[in-house]
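Read through the structure below, which is laid out as structure tokens, and then see the notes.
Every number here is computed from the coordinates shown, using simple stated rules; none is lab data. None of the values given here were measured: they were computed from a predicted structure. Glycine also receives a Cβ, built like all others from the backbone with ideal geometry; neighbour counts cover every protein chain displayed.
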Amino acid sequence: MLNKLAKPVLLALSFLFVFILLAGIHASSAEAEQHEAGKWEMKNGSWYWYYTADEHPSTGWEKINNNWYYFNTLGKMQTGWVKDNGTWYYLNPDGDMATGWKQVNGKWYYLNVYGAMQTGWIKENSYWYYLNPNGDMATGWKLVEGNWYYLHENGKMGTGWIYDQNNWYYLDASGEMQRGWLAYNGHWYYLNNSGDMHKGWKYLDGSWYFLKTEDEILSGAPLGSMFTGGQIAGDKIYYFSVSGKWIKKGNEEIDAYVDQTWDKIKDVTSMNTLKSILGHKYSKDPEHNAIEYHISVQSKNSAVFKELNTMISVGHEGLVNYDLDILILVTYENDTVNTISMIYFDQNSTPLERVNYEF
């Protein structure tokens, strides 16, 4: 009889235990939901966050309605810059943590997805920016690890040609400012130690070069590009090798002889007078009414004229066989001189571009 009564009692006690357990779990869940809800309170002009079951305000970081907030040790909600564990964060006027670009007191800062202020190089939307050690975005010239970079007014790193303070600079694909010789679009440029594109005469490794200035309006070459061939630089005509070297520099005999010869013949209009000045060693091309005087100056005592048997066009391969330094080409009609061309040759006797002096 007792055993029969025990079974129903034990079953009833089991149901009661389960009910109490479920009720406790439900009560805990409700308490947790109520705890997470919390509330804002304003005290003495400052905001505090209280969870429902807490008597004290929250401190440190709290995520409320999907936004992060920071409360000091007294529970006051913070705004502006906050440093936590060595990292700076920025909290908007409403207290929520800022991310991405943020302008503060006229300066731009970048805060990553965790709100941490960034420094150094960052890449955003395919563009590079540099943030100073105090976090503000750099603009203008910036020296980083021994290399100069240029950051535009919007902070984007510059590449290619940059015009700044009336000078041109060139930055490679990594943004580094370049120095020395630069090959660009079929032309050579020289960038000084300060990075600015050189214009005018430049003396390098024992040779003179000329880089186009704003004054060489007759030349179609880009500004700052190295001259080759016969070119007007300033108010004079100069001759440059294919490597850009002024070939007269370093050969005083050729330089002096050309100047003396040009002074003698520049105003001559009679062929007979010209022949008497230059001498009679020349080759004649009756068909084109042209006389070529082939002048080679090798030493003070060397012969200065060489005669070729036939007319050879400038640029002809045969010219390299005659060790020529200077070629004077005269065109005439009857006894009247029409043009005089003076052509220089490089060290390999390769002729340079012909420049005509017309009367």
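Taking only Cα atoms of region 139-234, what ratio of Rg to Rh do you get with Rh as the Kirkwood inverse-distance radius?
1.01
Between Asn92 and Leu74, what is the label-to-label distance in nm when each label sits 7 Å out along the Cα-to-Cβ direction?
Here the modelled spin labels are 2.6 nm apart.
If I stretch the segment between Ser270 and Lys83 completely, what's the gain in nm (0.36 nm per residue apart, minus their alpha carbon distance), one decimal?
Gain on stretching Ser270 to Lys83: 58.2 nm.
So for the pair Asn334, Gln178, with labels modelled 7 Å out along Cα→Cβ, what separation do we get in nm?
According to this spin-label approximation, the distance is 5.7 nm.
Asn193 to Asn66: extension gain in nm, 0.36 nm per residue of separation minus the Cα-Cα distance?
Additional length available on full extension: 40.4 nm.
Pairs Lys83/Lys156; Lys199/Lys245; Lys83/Lys107; Lys102/Lys156: which exceed 23 Å Cα-Cα?
Lys83/Lys156
Mind listing the Cα extents of region 132-184 along all three principal axes, in Å, largest one first?
38, 23, 17
Alpha carbon centre of region 134-184 versus region 88-109: separation in Å?
With region 134-184 and region 88-109 each reduced to a Cα centre, they are spaced 28 Å.
Please list the non-local residues whose amide H lies under 5 Å from the amide H of Gly200, H modeled 1.01 Å from N, same-chain partners needing a gap of 5 or more.
Residues meeting the criterion, in which the H sits 1.01 Å from N, are Leu211, Lys212, Thr213.
What FRET efficiency comes out for the pair Lys43/Tyr163, r = Cβ-Cβ distance, R0 = 56 Å, nearest 0.05?
0.45
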